[in-house]
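Student: Supplied in structure tokens, the structure appears directly below.
The values are calculated or read from the model by the stated rules, or taken from the named source; none is laboratory data. Here the structure is a predicted model, which is why all the values come from computation and not from measurement. Neighbour counts are summed over all protein chains in view; Cβ atoms, including those assigned to glycine, are modelled from backbone coordinates with ideal geometry.
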Amino acid sequence: MDQYAVVGNPIAHSKSPSIHAHFATLTNQALVYSTLLGDEVEFENQVRDFFEKDGKGLNITVPFKERAYAMCDILSQRAKQAGAVNTLLMGKNGDLFGDNTDGIGMVRDIIHNHGQSLTDKRILLLGAGGAVRGVLEPVLAENPESVTIANRTVEKAQLLADQFDCLASSFEALEGPFDIIINGTSASLSGSLPPLKDELINADTWCYDMMYGKERTVFLQWAHERGADGADGLGMLVGQAAEAFYLWRQIRPETASLVDAMREQMEAAY
Ligand code: ATR
């Protein structure tokens, strides 16, 4: 059977094997998808070894996305823009091809599963790290009215804004309200929020957190308290997997029902 895996460190709790197993059943594909604990020193050799043994495709996760990017022979446009690779496959001639499906996975989740258009919208992106860099190109491809990147370290926001031809700001200098606010800071991991002013948001603002969890994230709680609706990044996780699956198998699985099932499972587990 065709072999696939996700490489990361840590990797034991990755949801990718069960997501891809579900996609395989849904689309009648015979494949095996496992986890591979990435080694800090041996990562590149592990990748080469996997493909030498006729592996068909790899997903790459923290902390190896930049190293995967560096070892590719061919990169998709969106991987080049993101500066990171989360999906690898090997061409017939042995070229390693790298793509990044995180951004398109998020944008498709927002549009198709949540029914929110980004076109002609005033969009605020919080954070200027790898997560935000990875979504900028697909967000801009939807032709928003404007995209503003706000970051604690304004210089990092400015660098991204220069590269992607959008706006940069400190949190303090932002002027709202925005139509869409997307949180890509890692602050939520520690349960904290950047200093967001109330004037950034109103009841018509729609919020998306790239993070997800059993409980409502601190960012979505902030939005909720101000009357705004939104969604967390569980659909982004499933969405990036669906796009990788599509690259490997040329079939794009439906994602909404799996997101719902995973949500129910998360809420049932304690
Ligand atoms: P990732 O790959 O998840 O994007 P990263 O590249 O380390 O991780 O970027 C983390 C982002 O979260 C950065 O934008 C960071 O802001 P700085 O560039 O100023 O460091 C932001 N971030 C992390 N903790 C934060 C906090 N407590 N408040 C505000 N922003 C925070």
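Student: Pick from the range 108-134 the residues that are under 13 Å from residue 181 (Cα atoms) and hydrophobic (A, V, I, L, M, F, W, C): which of them is farthest from the ligand (Cβ to nearest atom)? Even if it seems obvious, please write down each step before you answer.
Tutor: First pass over the range 108-134, keeping only residues under 13 Å from residue 181 (Cα atoms): 110, 116-118, 121-127, 132.
Okay, now just the ones that are also hydrophobic (A, V, I, L, M, F, W, C), so 110, 118, 123-126, 132.
Numbers: 110: 18, 118: 20, 123: 16, 124: 13, 125: 10, 126: 7, 132: 6 Å.
Here the residue is 118.
Student: Return a yes/no flag: does the range 90-97 have any residue that is without any contact (Cβ under 8 Å) to a residue 60 or more places away in the chain and buried (at least 21 other Cβ atoms within 10 Å of the Cβ).
Tutor: Within the range 90-97, the subset without any contact (Cβ under 8 Å) to a residue 60 or more places away in the chain is 90-97.
Subset that is buried (at least 21 other Cβ atoms within 10 Å of the Cβ): none.
Checked the range 90-97: no residue is without any contact (Cβ under 8 Å) to a residue 60 or more places away in the chain and buried (at least 21 other Cβ atoms within 10 Å of the Cβ).
Student: Based on what the data block shows, is residue 243 among the charged types (D, E, K, R), within 16 Å of the ligand (Cβ to nearest atom) and modelled with pLDDT of 95 or more?
Tutor: Working: among the charged types (D, E, K, R): yes; within 16 Å of the ligand (Cβ to nearest atom): no; modelled with pLDDT of 95 or more: yes.
The answer is no for residue 243.
Student: Could I ask something else about it? Here are the criteria: (1) closer than 30 Å to residue 15 by Cα; (2) within 14 Å of the ligand (Cβ to nearest atom); (3) in contact with a helix residue (DSSP H, G or I) (Cβ under 9 Å, 6 or more places away or on another chain). Tell me which single one residue 139 does not satisfy.
Tutor: (2)
Matching residues to (1) within 25 Å of residue 131 (Cα to Cα); (2) in the same structural domain as residue 244 (by TED's automatic domain parsing); (3) part of a loop (DSSP other than H, G, I, E, B):
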| position | (1), (2), (3) |
| --- | --- |
| 44 | yes, yes, no |
| 50 | no, yes, no |
| 54 | no, yes, yes |
| 79 | yes, yes, no |
| 85 | yes, yes, yes |
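Student: Here's a follow-up. Only one of (1) touching a residue at least 60 places away in the same chain (Cβ under 8 Å); (2) closer than 21 Å to residue 23 by Cβ is not met by residue 164, so which one is it?
Tutor: (2)
Student: Then there's this: Pairs, please: C-beta under 8 Å, at least 6 apart or cross-chain, first residue touching a residue at least 12 places away in the same chain (Cβ under 8 Å) and among the charged types (D, E, K, R) and in the range 126-138, second near the ligand (Cβ under 7 Å from one of its atoms) and not in a helix (DSSP H, G or I)?
Tutor: Between residues of the range 126-138 that are touching a residue at least 12 places away in the same chain (Cβ under 8 Å) and among the charged types (D, E, K, R) and residues that are near the ligand (Cβ under 7 Å from one of its atoms) and not in a helix (DSSP H, G or I), there is no close pair.
Student: Which condition number in (1) over 28 Å from residue 51 (Cα atoms); (2) touching a strand residue (DSSP E or B) at 6+ places or on another chain (Cβ under 8 Å) is the one that residue 86 fails?
Tutor: (1)
Student: Return yes when residue 157 is of a type in the set (Gly, Ala, Ser), within 13 Å of the ligand (Cβ to nearest atom) and not assigned by TED's automatic domain parsing to the domain that holds residue 63 and no when it is not. Spell out the reasoning first.
Tutor: Values: of a type in the set (Gly, Ala, Ser): yes; within 13 Å of the ligand (Cβ to nearest atom): yes; not assigned by TED's automatic domain parsing to the domain that holds residue 63: yes.
It is true that residue 157 is of a type in the set (Gly, Ala, Ser), within 13 Å of the ligand (Cβ to nearest atom) and not assigned by TED's automatic domain parsing to the domain that holds residue 63.
Student: Filtering the range 222-250 down to residues that are out of contact with any Phe, Trp or Tyr (no Cβ under 6 Å at 6 or more places or on another chain) and assigned to a loop (DSSP other than H, G, I, E, B), which residue is surrounded by the fewest Cβ atoms within 10 Å (Cβ to Cβ)?
Tutor: In this case the residue turns out to be 250.
Student: Same structure, new question: Please verify whether the range 183-190 includes one or more residues that are more than 16 Å from the ligand (Cβ to nearest atom) and surrounded by fewer than 22 Cβ atoms within 10 Å (Cβ to Cβ).
Tutor: Let us first name the residues in the range 183-190 that are more than 16 Å from the ligand (Cβ to nearest atom), namely none.
No, the range 183-190 has no match at all.
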